[in-house]
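A quick write-up on the structure given underneath.
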Amino acid sequence: MMIDDLRSLAMLDWLENDLLLTINRCEIASSDASFRRYFRIHTEEGSFIIMDAPPDKEKLEPFMHVAALMAHAQLHVPAIFQHNLTDGFLLLEDLGSRCVLDEINSQNAHALYQTACASLLALQTNTDLANSQLPAYDAALLERELGIFEEWFLGQYLDIEIPADLWQNVRDILITSALEQPVTCVHRDYHSRNLMVLEDNSIGVIDFQDAVLGPITYDVVSLLRDCYIAWDAEQVESWMTAYYQQLHTAQLINCDLTQFKRWFDLMGMQRHLKAIGIFSRLNFRDNKPDYLNDIPRTLHYVTTQAAAYPEFAEFSAFLNHSVLPAL
């Protein structure tokens, strides 16, 4: 491919003149929902991933800090071989290009989710929370995230308003549920696009730089009610129950399954409302319209859970009578 933008040329200059790498080929590996880009380079020493994070928009230090934290917790995250904090480049281990979303099917789903849950349990069991230096997933952050749904999806995309009292009630219930859960290390985007299937069929974990200390159900609901792939409710409940039992055995929770399921369902609602807002924002602000295709699946999770809990009856009616027709 032709590398001709200024950041790419600066990246190649760093690799070739500072690190003295001989690059045989350079190609786009991926881009994500942020301002970061990833390149794969092929050299005599093997292939590597280069993270390109413009310093005025994305900081490398959180990624490096969380990478060390997760490696210590025995997750397979990309090793960091070299860094250039001034220009915003990292030379990383290449975990390949086989993400779970591309590899998963009805035959291997159970095994892949078991492996993904094992990595998640390691993260939640082995992280020293007191010394993690991670920010808290507090009420203010939860509130800001829910605001993305109102501003970018309801306002920008659908051009409708939600009654203020109704929206306040929804936010209060979801935030209260999140904050009453046991606190753990939260990856915050633990889903099929950020989990890599490695050569030995173990799981590699990427895109973890926004990790926080927060609700114990957040990552497992991100995984099992994925914005990018859906499974039937009975299967999801079976996987959720199995994970609940693992958490209970590890003494990370002491609630009953009914309480855990409520936390799981309401945490999913909070995450999915945020995600719907982010998908809309990516379209309007960042010119990334493909994410709009993921809104119907994600909204279906929300409408299903809103219908399942009596305290969301008015919100369920709003979704069915105002949001779905407008969408």
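Output the qualifying pairs, or none if there are none: Cβ atoms under 7 angstrom, residues six or more apart or on different chains, first residue in region 145-165 and under 18 Å from D294 (Cβ atoms), second residue among the charged types (D, E, K, R).
E145/K274; I148/K274; I148/R281; F149/K274; W152/R281; L154/E161
For a quick check of your reading of the model, give me the residue pairs whose first member lies in region 75-92 and is within 18 Å of N194 (Cα to Cα), whose second is hydroxyl-bearing (S, T, Y) and surrounded by fewer than 19 Cβ atoms within 10 Å (Cβ to Cβ), with beta-carbon atoms closer than 7 Å and at least 6 apart or on different chains.
Going by the 7 Å Cβ cut-off, the qualifying pairs are H76/S202.
Any idea which of W167, W152 is in the same structural domain as R225 (by TED's automatic domain parsing), assigned to a helix (DSSP H, G or I), more than 20 Å from the chain's Cα centre (by Cα) and surrounded by 15 or more Cβ atoms within 10 Å (Cβ to Cβ)?
W167
Cβ-Cβ under 8 Å, sequence separation 6+ or interchain: first residue in region 109-125 and in the same structural domain as V186 (by TED's automatic domain parsing) and at pLDDT 95 or above, partner among the hydroxyl-bearing types (S, T, Y) and in a helix (DSSP H, G or I). Which pairs?
C117/Y243; L120/Y243; L121/Y243
Taking the residues in region 281-320 that are in contact with a helix residue (DSSP H, G or I) (Cβ under 9 Å, 6 or more places away or on another chain) and among the charged types (D, E, K, R) as candidates, determine which candidate is nearest to T258 (Cα to Cα).
Per the stated criteria, the residue is E311.
Of all residues in region 111-149, count the ones that are under 28 Å from G204 (Cβ atoms), part of a helix (DSSP H, G or I) and either aromatic (F, W, Y) or in contact with a Phe, Trp or Tyr (Cβ under 7 Å, 6 or more places away or on another chain) (or both).
3
One residue is enough: does region 273-292 have a residue meeting the conditions in the same structural domain as D189 (by TED's automatic domain parsing), out of contact with any Phe, Trp or Tyr (no Cβ under 9 Å at 6 or more places or on another chain) and within 11 Å of C227 (Cα to Cα)?
Within region 273-292, not a single residue is in the same structural domain as D189 (by TED's automatic domain parsing), out of contact with any Phe, Trp or Tyr (no Cβ under 9 Å at 6 or more places or on another chain) and within 11 Å of C227 (Cα to Cα).
Give the residues of region 220-241 that are of a type in the set (A, V, I, L, M) and either within 22 Å of D189 (Cβ to Cβ) or free of Cβ contacts under 8 Å to residues at least 60 places away in the same chain (or both), sorted by residue number.
Within region 220-241, V220, V221, L223, L224, I229, A230, V236, M240 meet the criteria.
Consider only pairs whose beta carbons are under 7 Å apart and that are at least six residues apart or on different chains; among these, list those whose first residue lies in region 57-72 and is of a type in the set (A, V, I, L, M, F, W, C) and whose second residue is surrounded by fewer than 15 Cβ atoms within 10 Å (Cβ to Cβ).
L60/L85
The values are calculated or read from the model by the stated rules, or taken from the named source; none is laboratory data. What you see is a predicted model; the values in this text were computed from it and never measured. Backbone-built Cβ (ideal geometry, glycine too); neighbour counts: all protein chains shown.
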